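**Student:** Quick one: this structure, given as structure tokens, is what I'll be asking you about.
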Amino acid sequence: MPQQMMFSASTFPTLKNVLVNLGLTTNLKLCLDSGDISGYVSGQSWLDTSGGGYDFFRGADINASTDDPTFNGVSGSVTKNEYFSYDGGDFFQYDTTNESWMDNLHKNNAIFSIVAFYYQDADLDQSAFFTTAQDNTEIGINFSHQASGGGTFNLNVPNGVPGFALSVTGATDPADTAWHMASCSLNEATGAAGGFLYLDGAYNQVAASDTFTSTYTTPSAAAATRTARIGWLVSPDSAGQRIACIGVWEGTALTKANMDSIWAAMRSRFGL
């Protein structure tokens, strides 16, 4: 039986604790939480708490520089006040060469889910939640809130043709100056209704449908063009944006009910 989650009005369970309690750690490859004392106290690395050790640098490398996102809050407090902020030139980069699971996200028969808890500062501000390619001439994946198109959620799988093996856009734009849960889930082999976008407890519809066809068109079998990044699409994320938590599963496509459970367990932390 899952352990009961205990928290006070000022501190809440970490993302990892929520996922353990919900039984959603199968194929969890990446779990980053700015409020988890196991994930960040100080220094240049945001530590993965999934158990895989897939840590990300603050900035491009181990050296402190102007491209480092800024930690805010008190380490280990686990509230909405613990987050990393961007200034328009900051991002996180994986601390070594990409893992095979990172490359699998853009290949045939991909199965994955991405969950992010982030702050949308302004409508046209960019937040890149997980990227291994930055445009349609490259190979990889990007899941982001883009500044183009009036501010939309996009899941893109560039195949280097140039073109996209998959490109979908959510219809719902998030409220400004607020925290949000933005997520995607996909099983490429399923095809019809094999993927969905999710925002704040509901489907983020794609072309007036709750789900989308997940089939990749001529996916690349090559490695991703870019080392995995958070906070970088074609450029660093916009000043004023914040990131608190990221979860990535490879080999598991979370269901809508799974996303609802994560939303229910995490929303109080962010005042949602």
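**Student:** So how many residues does region 27-68 have that are closer than 23 Å to GLY271 by Cα and of a type outside the set (Ser, Thr, Tyr)?
**Tutor:** Looking only at that region, the number is 7.
**Student:** Within region 20-38, is there a residue that is within 25 Å of GLY251 (Cβ to Cβ), in contact (Cβ under 8 Å) with a residue 60 or more places away in the chain and of a type in the set (Ser, Thr, Tyr)?
**Tutor:** Taking every residue of region 20-38 in turn, at least one turns out to be within 25 Å of GLY251 (Cβ to Cβ), in contact (Cβ under 8 Å) with a residue 60 or more places away in the chain and of a type in the set (Ser, Thr, Tyr).
**Student:** While we're looking at this one, here's another question. Please specify each residue of region 92-107 satisfying the condition of being touching a residue at least 40 places away in the same chain (Cβ under 8 Å) and touching a Ser or Thr at 6+ places or on another chain (Cβ under 9 Å). Walk me through how you get there before you give the answer.
**Tutor:** Here is the first cut: in region 92-107, the residues touching a residue at least 40 places away in the same chain (Cβ under 8 Å) are 92-95, 97-99, 101-107.
The answer is GLN93, TYR94, ASP95, THR97, ASN98, MET102, ASP103, LEU105, HIS106, LYS107.
**Student:** Restricting to region 161-186, give me the number of residues that are of a type in the set (A, V, I, L, M) and over 22 Å from GLU138 (Cα atoms).
**Tutor:** Here the count works out to 5.
**Student:** Also, quick follow-up: Can you tell me which residue among ALA133, ALA110, ALA60, ALA116 is in contact (Cβ under 8 Å) with a residue 24 or more places away in the chain, in contact with a Pro (Cβ under 6 Å, 6 or more places away or on another chain) and more than 14 Å from GLY240 (Cα to Cα)?
**Tutor:** Just one listed residue meets the conditions, ALA133.
**Student:** Further question on the same structure: For region 248-264, state whether one or more residues are under 21 Å from GLN146 (Cα atoms) and either surrounded by 15 or more Cβ atoms within 10 Å (Cβ to Cβ) or charged (D, E, K, R) (or both).
**Tutor:** Looking for residues that are under 21 Å from GLN146 (Cα atoms) and either surrounded by 15 or more Cβ atoms within 10 Å (Cβ to Cβ) or charged (D, E, K, R) (or both), one finds at least one in region 248-264, hence yes.
**Student:** To continue, here is another question. For a quick check of your reading: which strands (runs of 3 or more DSSP E) sit entirely within region 142-255 and have at least 3 residues that are within 16 Å of the chain's Cα centre (by Cα) and in contact (Cβ under 8 Å) with a residue 40 or more places away in the chain?
**Tutor:** 142-146, 152-158, 178-187, 195-199, 242-250
**Student:** Looking at (1) under 18 Å from the mean Cα position of the chain (by Cα); (2) buried (at least 19 other Cβ atoms within 10 Å of the Cβ); (3) within 27 Å of LEU272 (Cα to Cα), find the lone condition where PRO13 falls short.
**Tutor:** Result: PRO13 passes all but (1).
**Student:** Let me ask something else about it. Is it the case, given these coordinates, that ASP55 is of a type in the set (D, E, K, R) and touching a Gly at 6+ places or on another chain (Cβ under 6 Å)?
**Tutor:** No; evaluated as a whole, the condition is false for this residue.
**Student:** Also: State whether the residues of region 166-179 include one that is out of contact with any helix residue (DSSP H, G or I) (no Cβ under 9 Å at 6 or more places or on another chain), surrounded by 15 or more Cβ atoms within 10 Å (Cβ to Cβ) and among the aromatic types (Phe, Trp, Tyr).
**Tutor:** Within region 166-179, none of the residues are out of contact with any helix residue (DSSP H, G or I) (no Cβ under 9 Å at 6 or more places or on another chain), surrounded by 15 or more Cβ atoms within 10 Å (Cβ to Cβ) and among the aromatic types (Phe, Trp, Tyr).
**Student:** Identify the residue in region 87-104 that is touching a Pro at 6+ places or on another chain (Cβ under 6 Å) and crowded, with 19+ Cβ neighbours inside 10 Å and, among all such residues, is nearest to TRP232 (Cα to Cα).
**Tutor:** Here the residue is PHE91.
Bear in mind these aren't lab numbers, they're just calculated from the coordinates by the rules spelled out. The structure presented is a predicted model; accordingly, all values stated were derived computationally and were not measured. Every residue, glycine among them, receives a Cβ derived from its backbone with ideal geometry; neighbour counts consider all protein chains shown.
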